[in-house]
Amino acid sequence: MTGPGLAVYRKLLRTIHRTFQGDRGAIATVHQELRNQFNANKHVTSPSEINQRIADALEAEDFIRNNIVQAKKSSCGTYEMTPDNAKHLSNIAPEGMIQGKNQ
């Protein structure tokens, strides 16, 4: 893997480590799936297909970065998250509240 593919792979790894910070099990699972996906596509040689796969990977990175937050279960059974993660959630529209769905 070289060039743009390697850059996207590394970007995904950084995002995975930042998103699942401290959760070794989740990091290992997602990292393995990432490796499987890239290995499954290593045979692709068509520039247009490569560009599409890179675009798909960048879309996945954006989704992970912007739509997944980490919360930890507290001793009383509730889930807690950092203020940064809570702020991040406030930017996500609740299910059914997306414009046009309730009309």
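Structure notes:
- Added length on full extension, which subtracts the Cα-Cα distance from 0.36 nm per residue, residue 28 to residue 81: 17.0 nm
- Spin-label pair residue 42-residue 56: with each label point 7 Å from Cα along the Cα-Cβ axis, the two points sit 1.7 nm from one another.
- Accessible surface for residue 14 stands near 130 Å², nearest 10, in the context of the full protein assembly shown (1.4 Å probe).
- Ordered from highest to lowest accessible area with the whole protein assembly present and a 1.4 Å probe, 17, 31, 43 read as 43, 17, 31.
- Computed accessible area, residue 23, all protein chains, 1.4 angstrom probe, square angstrom: 60 Å²
- Surface accessible to a 1.4 Å probe, residue 38 within the full protein complex, Å²: 50 Å²
The values are calculated or read from the model by the stated rules, or taken from the named source; none is laboratory data. On a predicted model such as this, the values are computed, not experimentally measured, just so you know. Cβ: placed from backbone, ideal geometry, glycine included. Neighbour counts: every protein chain shown. Heads up: the accessible areas ignore ligands, DNA and RNA and are worked out on the full protein's heavy atoms, side chains in. Shrake-Rupley method; radii C 1.70, N 1.55, O 1.52, S 1.80 Å.
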